[in-house]
Amino acid sequence: MVFDKIKRALGGGGEEPEYIEIDLGKEIKKSKILVRPFVLKSFEDITPVLNSLREGYTIAIIDIKPLRSKDVIELKRAISKIKKTTDALEGSIAGFGENIIIVTPSFAEIHKSPERPAPPTRDRDLMGE
């Protein structure tokens with residue numbers, strides 16, 4: 001009874017509480033895969049690459065030739081950062097030729113041909129001894 005008096009005093013006299021429905025405008029995620037080219041001219045150019053990869057729907061094709069001809073140390077730094085992010089996202093990364101890197105999200109895998117064994121260097125290796 002005491003609770004009923006308190007309810008009525010606060011305006012909740014046995015009525016159903018009113019609820020307001022709020023539409024949060026949830027964004028619909030893309031379901032298509034985007035193959036997107038990038039060109040690395042400086043270390044800072046990796047930011048859009050990393051952001052696209054984090055979204056999870058982008059396969060990045062990265063041209064590293066401009067940065068390679070300008071600064072090899074920056075190139076190594078950029079590739080290292082891209083590789084760490086790719087590993088964290090459980091994606092794949094591979095080089096194609098000397099100037100192109102392909103990076104995929106976790107749902108896609110890059111086919112890598114098996115590495116060939118190094119040629120034998122001594123005659124003993126040829127004979128299996």
> Only one of (1) under 22 Å from residue 111 (Cβ atoms); (2) part of a helix (DSSP H, G or I) fails for residue 80. Which number is that?
Replying inline: (1)
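This table checks each residue for (1) part of a loop (DSSP other than H, G, I, E, B); (2) farther than 17 Å from residue 58 by Cα; (3) at pLDDT 90 or above; (4) among the aliphatic types (A, V, I, L, M).
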{"residue": "84", "(1), (2), (3), (4)": "no, no, yes, no"}
{"residue": "93", "(1), (2), (3), (4)": "no, no, yes, yes"}
{"residue": "107", "(1), (2), (3), (4)": "yes, no, no, no"}
{"residue": "112", "(1), (2), (3), (4)": "yes, yes, no, no"}
{"residue": "116", "(1), (2), (3), (4)": "yes, yes, no, no"}
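Table: residues versus (1) over 15 Å from the mean Cα position of the chain (by Cα); (2) closer than 21 Å to residue 112 by Cβ.
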| position | (1), (2) |
| --- | --- |
| 53 | no, yes |
| 61 | no, yes |
| 69 | yes, no |
| 76 | yes, yes |
| 84 | no, yes |
| 88 | no, yes |
| 98 | yes, yes |
> Yes or no: residue 29 at pLDDT below 95, closer than 23 Å to residue 105 by Cβ and not β-branched (Val, Ile, Thr)?
Replying inline: yes
> Do we find that residue 54 is among the basic types (Lys, Arg), touching a residue at least 24 places away in the same chain (Cβ under 8 Å) and either surrounded by fewer than 14 Cβ atoms within 10 Å (Cβ to Cβ) or assigned to a helix (DSSP H, G or I) (or both) in this structure?
Replying inline: yes
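The values are calculated or read from the model by the stated rules, or taken from the named source; none is laboratory data. Just so we're clear, the structure is a prediction, and the values are computed from it rather than from any experiment. Counting neighbours? That spans all protein chains shown, and the Cβs are built from the backbone with ideal geometry, glycine included.
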